[in-house]
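Everything below concerns the one structure shown next.
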Amino acid sequence: MRVSNLKIGVRLWMGFGLVITLMAGIVMTSMSRMSLAEQRVDNILNDRYRKIALATEVKYNVSLIHQHMRNAVIESDAEGVKRETVAMNAIRATNKELLDTFDKIINVPRAREIFDAIIAARKQDLAAVLGVLPALQKPTVSTLSDGEWVAVNTIIEETTAWRIMPQLKAAKAEGIVEYPLNKVVL
């Protein structure tokens with residue numbers, strides 16, 4: 001049985017049937033692809049965007065802490081220093097809450113591994129940072145209110161500061177603040 005031997009009505013019916021079958025296949029493929037795209041968009045909005053927003057807020061808060069730290073150094077009265085310190089502690093508490101939230105929503109093993117390494121690196125990097133810093137005796141190391149972070153203070157010459165800044169960054173030092181001294185009494 002050849003197609004050319006069929007009546008015109010049967011041939012038209014077969015042609016339209018083929019077109020409709022192809023259209024149905026295209027619709028099914030499109031619906032499947034749209035479902036996958038919807039899942040990806042949901043993942044971006046509900047998971048990745050939320051994490052990026054949290055990370056961005058933490059980063060912004062760190063810059064605010066740096067500004068308050070600078071203001072505390074510039075302040076001439078104890079009340080101004082206390083005000084700046086209170087503001088820094090409030091921002092640190094907010095960042096602690098944000099990091100705790102971030103810690104709870106991590107659901108990918110590799111992301112969990114990276115996050116844990118970053119948290120552990122805060123104090124682990126202290127030895128590397130101290131190895132870079134020259135000091136009159138030894139740098140002062142103070143535990144911060146977060147408990148995971150420490151502050152390192154040292155007195156060095158300005159030319160030395162510019163020379164060792166890349167080394168400090170390589171040793172994972174963060175929040176580096178440089179300010180001039182009026183006197184050093186030995």
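No lab work stands behind these numbers, since they all come straight from the coordinates. Please read these numbers as outputs of a predicted model, since none were measured by experiment. Heads up, the Cβs are rebuilt from the backbone with ideal geometry, glycines too, and the neighbour counts pull from every protein chain shown.
Couplings for region 86-101, taken from phi via the Karplus curve 6.51 cos²θ - 1.76 cosθ + 1.60 with θ = phi - 60°, read 4, 5, 4, 5, 5, 5, 4, 5, 4, 5, 4, 5, 5, 5, 5, 4 Hz in order; Gly and Pro are left as x. In vacuo Debye scattering of region 52-105, one point per C-alpha: log10 I(q)/I(0) at q = 0.19 Å⁻¹? After summing over all Cα pairs, the log10 values are -0.63. Once both labels are positioned 7 Å from their Cα atoms along Cα-to-Cβ, the gap between Val58 and Thr21 label points is 5.7 nm.
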